[in-house]
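The values are calculated or read from the model by the stated rules, or taken from the named source; none is laboratory data. A quick note: this is a predicted structure, and the numbers were derived from the prediction, not measured. Neighbour counts run over all protein chains shown; Cβ positions are idealised from the backbone, glycine included. In case anyone asks, the SASA skips ligands and DNA or RNA and just uses the protein heavy atoms, side chains included. Shrake-Rupley method; radii C 1.70, N 1.55, O 1.52, S 1.80 Å.
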Amino acid sequence: MNVADSNEMGRHLKAKGLVETQDPEDASIYLVNTCTVRQHAEDRAFSEIGRLGRWKAKRPGRKVVVSGCAAERTKEYLEDRFPFIDLVVGAKSIENFNEIAGRLLDRRATDEDLDYAVPAVNEKVAAFVTSMRGCNYSCTYCIVPYVRGREIYHSIDQILAEVRDRVSEGAREITLLGQTVNSYRHGQHRFGDLLRAVAGIDGVERIRFISPHPYYMTDRVIETMATVPQVCESLHLPVQSGSNTMLKSMMRNYTREHYIALAGKMRQAVPDMTLSTDIIVGFPGETEEDFRQTLSLVEELQFDWGFVFKYSAREGTPAAELECLPQELIEERHQRCLELVDRIALKKRLDLVGTIQDVLIEELGVGRTRTNYKVHVRREAQARQGAASINEAQARAERKPARSASPIGRSLKRRAQPQEKAAASSNIIHGDQVRVRITNAQRATLEGEVYNGNLAFENFREEDCRAGTCPDRQ
Ligand code: SAM
Ligand code: SF4
């Protein structure tokens, strides 16, 4: 969500004539977009802001802008502790950022103050589009409803217009965003309708969404995932705990049994799907038995990957009133849970070695499978196959997607950009969709090489040997 907000604020600044730079020394405006979900994130933001006093003093006219959830929660503290901050924009005001930033820029002394930046390349193949903001839930550990407010849904027309903008900038994969993204409602429209509408936009080849809430994983949404070809076979569905006692105390609105049944239904409807999750360990009152329930849920559901968080008390939330578990115990449970999640994740990745996957290249040599695994595509293979990949991508674009029929329009046509054609002779570049044979699995990523349907010469000889026709064996 913060990445999407940063992009949105960046777009407003660009529309006002600024350009993006990755080098702080080039910058005239430094925008720190903060998170407050856990204390650790907030601490990191504050130490980053602390360093900006010296950065600002180096050149007249520089501006420091602090935005996001921590800015919403601690505005007065921030202004007191860091008096050099020029503008604080809380998470609830991000929709008004354009106007607020306009006032700041109008105050700048001269245009030269903004004259140093070097443009950064910004052709994102995978783009985020915010479909809703805020949250109507009251999970007892969570600060989000306080700092982001209640749910606001963007209209379908507004979302589709943004999707079209991103596609025209080069995006081929759209991730819809919201704190409970699948609770979407606007007029008669529900989340399933939104997915179908986005799939109907020319140029959208892949759709993802994050974070869905188990309560709103309705049959209609599941059916949409199963039948609309652009919706990827991957679901990140936070469970938080495997203990019903903890789920109740967290006010999560579902039980362990409900979650397990839902996961089963999803996997039946979308058989190749990856399922990942968020887990909080050390919530106040969590007993060893509660914690074991979480471990047993992870064992039972065999998540493809997961994020394990140590409970972090957030001031103002109901859980912050409860007595915290000792930090060492939280650390120990975190370690145990992480080991289990990682062990299963590695096994799942190793199972993919030897399989052929469609990979959408996001940056040179790195892309993602439809199931959301990151893949490093080997360079030697790229060099051999680079020129072919563009033609192949175009040929594939003319074909219908392989999955079952849907009433949605879903032309996958896309013209290769001129710079792609130039680069294609030597490398696979972002925006290409290539078939990749997975050759290796790391803890967090996969490795592979481009697959064109033929066996490489060495493998061919190996296959021959196995078949008993290898000349060396005769
Ligand atoms: N809305 C999503 C949902 O309900 O599943 C989650 C959004 S939350 C910003 C992202 C993740 O942060 C949560 O799934 C949870 O695991 C974690 N989280 C939130 N508050 C936390 C806290 N106080 N301590 C530790 N982890 C927390
Ligand atoms: Fe926080 Fe998600 Fe619960 Fe909303 S649904 S309160 S964002 S954890």
_Enumerated strands (runs of 3 or more DSSP E) restricted to region 1-93, each holding at least 2 residues that are over 25 Å from GLY134 (Cβ atoms)_ = 29-34, 63-68
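Table: residues versus (1) open to solvent by less than 60 Å² (accessible area, probe 1.4 Å); (2) hydrophobic (A, V, I, L, M, F, W, C); (3) away from ligand 2 (no atom under 16 Å from the Cβ).
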residue	(1), (2), (3)
ASN2	yes, no, no
ASN7	yes, no, yes
GLY53	yes, no, yes
SER67	yes, no, yes
LEU78	yes, yes, yes
LEU87	yes, yes, yes
*Which pairs do you get when a residue that is open to solvent by 30 Å² or more (accessible area, probe 1.4 Å) and among the aliphatic types (A, V, I, L, M), found in region 207-221, comes within reach of a residue that is within 12 Å of ligand 1 (Cβ to nearest atom) and not in a strand (DSSP E or B), reach meaning Cβ atoms under 8 angstrom, with the pair 6+ apart or on two chains?*
ILE210/VAL181
*Matching residues, region 199-215, being away from ligand 1 (no atom under 16 Å from the Cβ) and part of a loop (DSSP other than H, G, I, E, B)*: GLY200, ILE201, ASP202, GLY203, VAL204, GLU205
*Leading residue by the ranking (farthest from MET132 (Cα to Cα)) among those in region 226-249 that are surrounded by 22 or more Cβ atoms within 10 Å (Cβ to Cβ) and aliphatic (A, V, I, L, M)*: MET246
*With LEU235, LEU176 as the choices, which residue is within 30 Å of PHE291 (Cα to Cα) and among the hydrophobic types (A, V, I, L, M, F, W, C)?*
LEU235
*asked:* If a residue must be part of a strand (DSSP E or B) and within 14 Å of ligand 2 (Cβ to nearest atom), how many such residues does region 131-182 contain?
replied: 4
*What number of residues in region 222-233 are outside any loop (DSSP other than H, G, I, E, B) and in contact (Cβ under 8 Å) with a residue 40 or more places away in the chain?*
5
*Every residue from region 158-185 that is open to solvent by 10 Å² or more (accessible area, probe 1.4 Å) and within 13 Å of ligand 1 (Cβ to nearest atom)*: GLN179
*Do we have PHE97 as assigned to a helix (DSSP H, G or I) and either under 24 Å from TYR141 (Cα atoms) or open to solvent by 50 Å² or more (accessible area, probe 1.4 Å) (or both) here?*
no
